[in-house]
Amino acid sequence: MLTDLRSDESKKRAAINLLKSHDEVRDEALKKYTLLACQLLDMPMCFVSVLDDEKQYIKSAQNMTVTETNLGEAFCTNTLEQGETYICPDTHRHPDFKTYDAITEAPFVRFYAGCPLKTQDGVAVGTLCLLDTQPRTLSGEQINIFEQLAGLVSGFLASWHNVGYIDIVTLLPNRQRMLKDISVSKESTFKLVIIDCIDMPFAYEMARSLGMTVVENLLRDMAVQLQARLQLTEQLYAVAVGRFAYFTHDKENSALENVAQRLRGIQAKISPEVPLDLDIHIGDSGCCDNAMTPGEILRRAVSALHEAISHGHRYMTYDEVLDNRKKNDFSLLTGLREALHEDRGLYLVYQPKVSLLNGQITGVEALLRWKHATHGEVLPGLFIPLVERTSLMRELTGWVIDHAIAQLGQWRSQGISLPVSINLAASDFSRPDFADELDHKMRNAGLTPALLGVECLETEKMLESPAALNGLEMLKLRGFKISLDDFGSGYSNINYLRQIPMDIIKLDRSIVSKIASDKASRIIVRNVVRLLKQLDYVVLAEGVEDDKTVEILRALGCDEVQGYVYARPMRAGDLEVWYHDRNKSQS
Ligand code: C2E
Ligand code: CA
Ligand code: CA
């Protein structure tokens with residue numbers, strides 16, 4: 001900002017660095033001012049100069065080729081030091097100028113006049129200069145015009161500096177300003193702290209119900225309240241809706257604790273009478289230096305902030321390990337999206353389910369596999385939880401459905417009649433048209449819905465969601481067989497089960513695996529199976545790995561078993577071989 005530089009040396013330096021930097025639009029506009037100065041004051045040469053601790057930089061010059069000079073030989077140093085218009089009628093008579101290389105190299109410069117370019121609070125950040133090849137003077141009126149031109153240039157620079165760099169709601173400098181300030185900063189190490197004050201969905205909801213003006217009032221008051229609580233000496237930036245940032249040199253971790261403490265219980269007003277408790281989360285970038293790009297510094301602070309929000313912590317510092325995990329998750333998701341769109345690397349494997357009554361194969365479960373180009377086989381337990389929260393889930397489920405149906409069709413043409421069950425997330429069957437679509441796809445393939453089973457997880461989510469329960473009801477009505485997956489691993493209240501339309505209950509490996517060695521597990525499973533049978537469910541035990549467990553399950557009245565004891569999940573071709581071999585040996 002080209003204001004309030006007097007109190008802050010680093011801000012002044014940042015402003016000078018910004019003026020030094022190349023900006024075509026700004027320099028073109030400045031060129032018009034220097035041309036105007038030449039015309040109005042009848043001067044052959046004019047330029048704008050910016051000075052830092054080492055050099056003078058010449059911008060938008062008329063009839064000059066020099067672009068920078070050493071500070072010691074710049075006329076403009078005098079102008080800046082004096083802080084007012086400085087005129088040298090004949091350079092050759094000036095005691096110092098003889099030592100200036102620029103003059104010896106360009107002895108034709110005989111006249112110099114410079115006027116400081118000042119910010120609103122009077123800090124000189126550059127000069128507007130006139131040169132002539134012969135000694136001369138300026139009349140009072142000419143000096144007046146010259147100073148007015150310098151005032152116009154200063155005004156132009158101030159507004160150029162601010163255009164697009166102010167957050168119009170809070171009137172704080174915005175994210176673009178912050179990124180520019182980082183890029184021109186000479187500070188060696190610093191941290192960027194971001195404070196999140198409002199949950200975005202809540203803000204949007206509020207805008208919907210109360211209107212945008214109310215939200216803007218709130219944001220404005222947030223900025224005021226934050227500044228009042230934090231008493232920052234550093235500039236506060238508004239970097240996104242309800243998000244504010246500042247730089248700090250405080251390397252102590254306790255500093256964040258301190259900030260969080262100060263913001264405790266902070267409120268901002270929706271209207272003069274209605275305060276709102278702010279939900280504050282803070283993230284900081286960790287120690288950064290100018291070797292990093294501004295974008296990376298901001299990304300680190302945002303990464304820390306999002307970790308804080310997702311873990312429900314008040315503040316967190318950037319953590320490379322967590323960040324890499326997120327980056328990996330993200331690249332896995334990107335990879336999966338590509339795999340889906342190009343239909344490359346994804347395939348289904350099938351694991352048989354065996355009846356304990358007659359040893360027949362009652363069907364197979366389709367399980368998704370992904371052979372990643374560089375990571376090799378990635379198991380669904382790793383990528384499904386990532387996909388579930390994204391819109392990709394719908395596409396992935398669609399892929400599984402299409403491939404399972406295609407396989408069913410193929411098997412039917414080979415005379416193999418094996419029902420296939422697929423795994424669905426609650427979000428899948430909560431869609432109102434899901435059952436219809438599935439029904440349609442099956443009929444298009446000339447298959448009856450009874451050949452496709454649906455396995456659903458997340459009992460608790462289903463119970464809470466009328467849409468999910470309704471979706472299952474629709475599937476059941478159309479003749480799809482429904483299994484409840486992972487029973488016994490988490491929420492397993494049998495009373496509530498009655499609310500879920502269900503044909504088969506799959507007992508989770510975690511409660512089945514110990515029954516051969518642990519009496520208590522055996523008693524629990526016996527009672528669970530008895531109850532489920534009394535309620536007329538088909539009971540399937542999954543993850544069974546040994547014969548002894550199979551025998552106990554048979555004795556307990558369990559209907560079906562799925563597990564390595566019979567077969568691992570296999571590719572369709574291997575399953576066909578296994579299926580025929582087994583049928584042969586059974587007959
Ligand atoms: P799940 O539905 O409970 O599937 C059973 C998991 O147990 C499978 O793991 C299977 O390979 C494994 N398993 C089968 N028999 C045994 C055994 O005897 N011992 C042991 N230790 N494990 C056995 P997988 O294939 O890694 O799948 C993990 C989970 O990923 C599945 O659990 C399911 O929740 C999910 N999943 C798999 N495919 C899909 C899919 O197409 N869509 C969705 N939404 N989820 C899927
Ligand atoms: Ca399953
Ligand atoms: Ca399961």
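The values are calculated or read from the model by the stated rules, or taken from the named source; none is laboratory data. The model shown is predicted, which means the values in this text are computed figures rather than measured ones. Methodologically, a virtual Cβ is constructed for each residue, glycine included, from the backbone with ideal geometry; neighbour enumeration extends over all protein chains shown. Each accessible area value is taken on the protein alone, full model and side chains, heavy atoms only, with ligands, DNA and RNA left out. Shrake-Rupley method; radii C 1.70, N 1.55, O 1.52, S 1.80 Å.
Helical content alone sets the calculated 222 nm signal of the chain at -14000 deg cm²/dmol, taking -39,500 (n - 2.57) per DSSP H segment of four or more residues and averaging over every residue. Along the axis of the charge dipole computed for the chain (Cβ charges of +1 for Lys and Arg, -1 for Asp and Glu, origin at the Cα centre), the listed residues Cys46, Phe97, Leu340 are led at the positive end by Leu340. Only aspartates and glutamates eight or more places from Lys327 in sequence, or on another chain, were considered; those with a Cα closer than 20 Å are Asp284, Glu296, Glu307, Asp319, Glu338, Glu377, Glu388. Cross-link reach is defined here as a Cα-Cα straight distance under 25 Å, omitting same-chain residues fewer than 8 places apart; for Lys441 the lysines meeting it are Lys353, Lys476, Lys481. With the charge dipole of the chain set up from +1 on Lys and Arg Cβ and -1 on Asp and Glu Cβ about the Cα centre, the Cα lying farthest toward the positive end among the listed residues Gln227, His580, Asn162 is that of His580. Shape class for the stretch 175-318, computed from the alpha carbon gyration tensor (a ≥ b ≥ c): prolate, with a/c not under 1.5 and a/b above b/c. Once both labels are positioned 7 Å from their Cα atoms along Cα-to-Cβ, the gap between Gln148 and Gln534 label points is 10.1 nm. With only the Cα atoms considered, the stretch 329-586 has a convex hull volume of 134 Å³ per residue. When its C-alpha radius of gyration is set against 2.2 N^0.38 Å (N residues), the stretch 9-162 gives a value of 0.96.
Looking only at the stretch 329-586, where both bridge partners belong to it, what percent of the DSSP beta bridges are antiparallel (to the nearest 5)? For the stretch 329-586, the DSSP antiparallel bridge percentage is about 40. Label separation (Ser413 vs Ser587): 2.3 nm, computed from points 7 Å beyond Cα along the C-beta direction.
Distances longer than 16 Å among the Cα atoms of the stretch 227-303: what percent of all pairs is that? Roughly 58 percent, rounded to a whole number. Only Lys, Arg, Asp and Glu carry charge here, each on its Cβ (+1 for the first two, -1 for the last two); on that basis the chain has a dipole of about 1500 debye about its Cα centre. 3J(HN,Hα) couplings calculated from phi for the stretch 205-215 with the Karplus curve 6.51 cos²θ - 1.76 cosθ + 1.60 (θ = phi - 60°) are, in sequence order, 4, 5, 4, 5, 7, 10, x, 5, 4, 5, 5 Hz; Gly and Pro show x. Accessible area per residue (1.4 Å probe, heavy atoms of protein chains only) ranks Thr77, Thr34, Thr334 as Thr334, Thr77, Thr34, with the largest value leading. With N counted as the residues of the stretch 397-547, its alpha-carbon radius of gyration over 2.2 N^0.38 Å works out to 1.11. The phi-based Karplus calculation (6.51 cos²θ - 1.76 cosθ + 1.60; θ = phi - 60°) puts the 3J(HN,Hα) values of the stretch 276-287 at 10, 5, 8, 9, 8, 10, 10, x, 10, 6, x, 5 Hz, whole numbers, x for Gly and Pro. With the simple spin-label model, which puts each label point 7 Å out from Cα in the Cβ direction, the Thr137 to Asn444 separation comes to 9.4 nm. Quick note on the chain: its Rg to Rh ratio, both from C-alpha atoms and Rh being the Kirkwood radius, is 1.21.
A 1.4 Å probe, protein heavy atoms only, puts the accessible area of Val349 near 10 Å².
Surface calculation, 1.4 Å probe, protein heavy atoms: Thr137 sits at approximately 100 Å² accessible. Taking a quarter of the surface of the Cα convex hull of the stretch 453-538 gives a mean projected area of 5.4 nm².
Sequence-ordered 3J(HN,Hα) estimates for the stretch 36-46 from the Karplus curve with 6.51, -1.76 and 1.60 and θ = phi - 60° stand at 4, 4, 4, 5, 5, 9, 6, 10, x, 9, 8 Hz, glycine and proline given as x. The mean accessible area for residues of the chain, using a 1.4 Å probe and ignoring ligands and nucleic acids, is 49 Å² per residue. Heavy-atom accessible area with a 1.4 Å probe sorts Phe108, Phe429, largest first, into Phe108, Phe429.
What is the stretch 365-458 by shape, rounded, prolate or oblate, if you read a ≥ b ≥ c off the alpha carbon gyration tensor as root eigenvalues and call it rounded for a/c under 1.5, prolate for a/b larger than b/c, and oblate otherwise? Oblate shape, in that a/c is at least 1.5 and b/c is the bigger or equal ratio.
Computed in the context of the full set of protein chains, the accessible area of the chain at 1.4 Å probe radius has 52% of its extent on carbon or sulfur. Figure note: Asp536, Asp181, Asp486 ranked by solvent-accessible area, largest first, 1.4 Å probe, ligands and nucleic acids not counted: Asp536, Asp486, Asp181.
Between Ala228 and Thr189, the FRET efficiency from the beta-carbon distance, with R0 = 30 Å, is close to 0.60.
For the stretch 9-162, the number of Lys pairs with C-alpha atoms closer than 25 Å, counting only pairs eight or more positions apart or on separate chains, is 24. Magnitude of the charge dipole for the stretch 175-318, about its Cα centre and with charges confined to Cβ atoms of Lys, Arg (+1) and Asp, Glu (-1), is about 240 debye.
Set Lys and Arg Cβ to +1 and Asp and Glu Cβ to -1, take the dipole of the stretch 414-535 about its Cα centre, and tell me which of Ala425, Ile504, Leu438 lies farthest positive. Projecting each Cα onto the dipole axis, the largest value belongs to Ile504. For Met570, the residues whose amide H sits under 5 Å from its own are Tyr350, Gln351, ignoring neighbours fewer than 5 places away on the same chain, with H placed 1.01 Å from N.
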